[in-house]
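All remarks here apply to the structure that follows.
Values in this text are rule-based calculations from the coordinates and carry no lab data. Every value quoted in this text rests on a predicted model; they were computed, and no experiment measured them.
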Amino acid sequence: MTTVVRGGTGPDAASGPEDRGTTRITDRVIQRLAGRAAGEASGATGLDKSVLGMKVGGRGEARARVTVDGDRVTARVSTSVEYPAPVRQVARRVRELVSARITEMTGMAVERVDVEVAAFDHSDGGASAKPGGRGDGRRDLE
């Protein structure tokens, strides 16, 4: 889905909407914003890079999926947390930063940001360990 934002400020704001044109923000752009913002949160790190499920070394950005409905966004972010950082606090920071960054850069309202902690990032060589709990490698925290 592509979102169309009409209007604006600045020198062109005095002219009519038909003269200013439209700005299109694709879902992919919002998805990239969410992934980058999640990586900026203190205690959060990106995910291991992989090809066809095999780790290839290095860290990528947090993975994000977004659903856009008009000017409303729902995001799901998957990231790693530095061990032994408090997971709930890191998830809260990720949620707040992703929401603020999307709103700030697109003007869209963020309805919800779900955070999935996919791995712990150990400082002793970057080994990852999946959190347990539900039998599928995930655990609901909030």
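Converting phi to 3J(HN,Hα) with the Karplus coefficients 6.51, -1.76 and 1.60 and the offset θ = phi - 60°, region 65-78 yields 10, 10, 10, 10, 10, x, 10, 10, 10, 10, 10, 10, 10, 10 Hz in sequence order, with x at every glycine or proline. Given their separation in residues at 0.36 nm each and the Cα-Cα distance between them, residue 26 and residue 89 gain 19.6 nm when the chain is fully extended. Extension gain, residue 71-residue 103: 0.36 nm per intervening residue step, less the Cα-Cα distance, totals 10.5 nm.
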